[in-house]
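A short write-up of the structure that comes next.
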Amino acid sequence: RALRAGDVVAVLAPSSGAAAIFPHVRDQGVRRLEALLGATARVMPSCALAGAALTPAARAADLNAAFGDADVKAIVCAIGGDDAVRVLPLLDRALIAANPKPLLGFSDATALHLYLDRLGVPSLYGGALLCQFAISGPAMHEFTAAAFRHALLSPEAPLRLEPSRAFQDGYLEWGDEANLARA
């Protein structure tokens, strides 16, 4: 179903600990997600963990909790990485299959998309909180924002595909908070 104003969107880190390493980037992404979708972001505990603390068990616990929570209507991955495959054996297949909801992510989230597909749970390949919502200059790229609005707010409506008028090739240094407003 389409998201409605005030719906809860879980933000979690199934792969990398970048959300904890760059909390200013995470927080800008959360603000933009809420503004764009009219949603309430629930930042899950994995977004505050990095390094050895961000275990597969901690990441799986957030995914299971998000799928099992009836208040959560969609899930957004903080960023990709290279380790989501280690989470898969720890996921509750029956819980997830009984509580389908869209998961948005790309790159390392591909493992999650394939897992969900095998359960018959649709997911949305594309976009992550830190990359597409947060690190894009003074505002989200309109092409990207329009795609997210369509996919999450009006998924049943026809979509006319048109080329983007602009693109971003790479990122400025994430550790410098002044770069949040620059592309």
*helices (runs of 4 or more DSSP H) wholly in region 51-153 with at least 2 residues that are surrounded by fewer than 16 Cβ atoms within 10 Å (Cβ to Cβ) and in contact (Cβ under 8 Å) with a residue 12 or more places away in the chain - which ones?*
56-68, 93-98, 142-153
*Please indicate, with yes or no, whether at least one residue in region 52-73 is touching a helix residue (DSSP H, G or I) at 6+ places or on another chain (Cβ under 8 Å) and closer than 14 Å to L130 by Cβ.*
no
*Single condition P45 does not satisfy, out of (1) in contact (Cβ under 8 Å) with a residue 24 or more places away in the chain; (2) more than 20 Å from H150 (Cβ to Cβ)*: (1)
_From A18, A10, residue being under 16 Å from L103 (Cβ atoms) and small (G, A, S)_ = A10
*Restricting attention to region 157-183, and to residues there that are part of a loop (DSSP other than H, G, I, E, B), more than 20 Å from G105 (Cα to Cα) and charged (D, E, K, R), which single residue is most open to solvent (accessible area, probe 1.4 Å)?*
R165
*Tally, over region 10-25, of residues that are part of a helix (DSSP H, G or I), farther than 14 Å from G137 by Cα and not aliphatic (A, V, I, L, M)*: 1
_Quick check on region 15-42: of everything there that is surrounded by 21 or more Cβ atoms within 10 Å (Cβ to Cβ), farther than 21 Å from L153 by Cβ and of a type in the set (A, V, I, L, M), which residue is nearest to the chain's Cα centre (by Cα)?_
A19
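The values are calculated or read from the model by the stated rules, or taken from the named source; none is laboratory data. Source: prediction; values computed, not measured. Positions of Cβ are generated from backbone atoms using ideal geometry, with glycine treated the same way; all protein chains shown enter the neighbour counts. The area values use the complete protein model at the heavy-atom level, side chains included, leaving out ligands, DNA and RNA. Shrake-Rupley method; radii C 1.70, N 1.55, O 1.52, S 1.80 Å.
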